[in-house]
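In what follows, a structure is listed as structure tokens, so that the remarks can point back to it.
Nothing in this text is a laboratory measurement; each read-out follows from the coordinates by a stated rule. This is a predicted model, so every value here is computed, not measured. Quick reminder, even Gly has a Cβ in these numbers, built from the backbone with ideal geometry, and neighbours come from all protein chains shown.
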Amino acid sequence: MKIGIIGATGYGGADLLRLLWQHPKVSEIITYTSSQQDLHIHESYPHLISIYEQKLEELNADKIAEDVDVVFLATPPGVSSELSATLARSGAQVIDLSGDLRLANPAIYEAWYKRRSAPVELLNKAVYGLTELNRDQIRQAKIISNPGCYPTATLLGLAPLIKAQLVEPESIIIDAKSGTSGAGRSPSLMTHFSEMNENFKAYQVNTHKHVPEIEQVLHSWNEQIDTVTFQPHLVPMVRGIMATIYAKSTKPLTEDYLRKLYQTSYQEDRFVRIRPSGLYPATKEVYGSNFCDIGITYDERTGRITIVSVIDNVVKGASGQAIQNWNVMNGWDESTGLNVAPTYP
Ligand SMILES: NC(=O)C1=CN([C@@H]2O[C@H](COP(=O)(O)OP(=O)(O)OC[C@H]3O[C@@H](n4cnc5c(N)ncnc54)[C@H](OP(=O)(O)O)[C@@H]3O)[C@@H](O)[C@H]2O)C=CC1
Ligand SMILES: CC(=O)N[C@@H](CCC(=O)OP(=O)(O)O)C(=O)O
């Protein structure tokens, strides 16, 4: 298939290029830019020399739609709400890595993103691509809205518990930490080396745009869940997200029961790995890979469950899950092109 990547010069786009290099269904990749038409992709990313050396192409949605079979959008908010309808009209598959098409209710999008929502008709066509939980819909989809990085770690960490109605609906607290690549390639005060190195900070307290995304999905699994507390932090590393999740159980449990629930829930899922008792995953253990690793325990003293869920934000949180969804859309083995072991140390 011919692939188009819009936003190829960003971190999500670069990681799509890395992973698609060894995807057997790819015949050609066209990389588009909105601002760097004079550049070749390897001039922006020297690590791609001799792998990809094509010129960046001008962004023109009508033309892109004619030229490729699938378009990945790894672009800032506002871009895919403008382009996706035109792209999809042509018959191309569309996979959006941004948050533009994730929230079903335009008013909620506008309240949290502080910008205009995509039209409702487009939102209705987009399928939420949390692959492990939504395969049947993804198989039928033409437009995928790829989940956010924090929601991916959080929702995979919570799904078995919520579906089994094992947590008090008002009790969920998600304490999450991310590396700086989550903020994209453009430098900012927040990710500036001197600001971030040897530092650890909370940001967007109670206002992060992933709050409504997490709540929307949890509510669809259990109507009693309306709100969660979600708090992101920035830590001085490049890749990785850890979501440590706390919730009060609805009844006394054992850790053994919980572990069996998770193992059974994810037994068919190549990319979710459950840690044995007493072991909790670290971000380095999924670095560069499409895995989501989960550790779980139960505190009999407090009646609380603790879940530790880690992903590589750029892979399972963006490019890897996007390719996983593309595989499912086309009926290919879900792990095609994604059998990359974590880089360690
Ligand atoms: N980084 C991460 O870990 C994750 C990111 N995401 C989401 O994926 C998307 C991409 O993220 P990321 O790669 O980190 O971001 P970057 O900032 O690194 O890259 C975004 C790219 O979008 C392109 N772009 C900017 N403005 C426009 C425009 N108006 N029209 C078309 N293209 C434009 C730019 O390329 P050019 O100027 O060449 O056009 C740029 O290279 C974002 O929505 C982000 O929130 C989701 C999950 C995880
Ligand atoms: C460290 C850092 O800044 N992380 C980003 C994660 C963004 C992301 O994944 O955003 P989308 O929902 O647009 O896909 C943030 O908190 O905004």
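How would you classify the stretch 2-128 from its alpha-carbon gyration tensor, with a ≥ b ≥ c the square roots of the eigenvalues: rounded for a/c under 1.5, else prolate if a/b is greater than b/c, otherwise oblate?
Prolate, because a/c is 1.5 or more and a/b exceeds b/c.
Using Cα positions and a limit of under 16 Å, work out the aspartates and glutamates in reach of Lys284, with same-chain residues fewer than 8 apart set aside.
Once the sequence-local aspartates and glutamates are set aside, what remains near Lys284 is Asp293, Asp312.
Could you tally the net charge around Val79, taking each other residue with its Cβ under 10 Å from the Cβ of Val79, Lys/Arg +1 and Asp/Glu -1?
Summing Lys/Arg as +1 and Asp/Glu as -1 gives -3.
Determine, for each peptide in 33-41, 286-294, the mean count of other beta carbons within 10 angstrom over its residues, then list the peptides with the highest first.
Top to bottom by mean Cβ count within 10 Å: 286-294, 33-41.
What share of the DSSP beta bridges in the stretch 2-128 is antiparallel, in percent to the nearest 5?
Percentage antiparallel, nearest 5: 5.
For the chain, give me the percentage of DSSP beta bridges that are antiparallel, rounded to the nearest 5 percent.
Around 45 percent of the beta bridges assigned by DSSP in the chain are antiparallel ones.
What translational diffusion coefficient, to the nearest whole µm²/s, does the chain have by Stokes-Einstein, given a Kirkwood radius computed over alpha-carbon pairs, a temperature of 20 °C and 1.002 mPa s viscosity?
Once the numbers are plugged in, D ends up at 105 µm²/s.
Long-range amide H contacts for Gln93: which residues qualify at under 5 Å (H placed 1.01 Å from N, peptide plane, sequence gap of 5 or more or a different chain)?
Amide H to amide H, under 5 Å and 5 or more residues apart or across chains, Gln93 pairs with Val70, Val71.
Roughly how many nanometres apart are two label points built 7 Å out from the Cα toward the Cβ at Lys260 and Asn60?
Output for this residue pair reads 6.3 nm.
When N is the residue count of the stretch 150-313, what does its C-alpha Rg come to as a fraction of 2.2 N^0.38 Å?
In units of the globular-protein estimate, the stretch 150-313 measures up at 1.04.
Using a cut-off of 17 Å between alpha-carbon atoms, which lysines can reach Lys251, once sequence neighbours fewer than 8 places away in the same chain are excluded?
Filter leaves Lys163, Lys260.
Given the peptides 303-311, 219-227, 17-25, arrange them by the average over their residues of other C-beta atoms within 10 Å, most packed first.
Those peptides, ordered most packed to least, come out 303-311, 17-25, 219-227.
Would you work out the Kirkwood radius for the stretch 292-345? I mean one over the mean of 1/r across all pairs of different Cα atoms, in Å.
Its Kirkwood hydrodynamic radius stands at 13.4 Å.
Can you order the peptides 173-183, 120-130 by their average number of other Cβ atoms within 10 Å per residue, highest first?
173-183, 120-130
Across the stretch 2-128, how many lysine pairs, 8 or more apart or on two chains, come within less than 23 Å at their alpha-carbon atoms?
Count of close lysine pairs: 9.
Test of the criteria: in the stretch 243-300, which GluC sites (Glu not before Pro) are in a DSSP loop and have at most 14 other Cβ atoms within 10 angstrom of their Cβ?
Those that pass, being in a loop and sparsely packed, are Glu268, Glu300.
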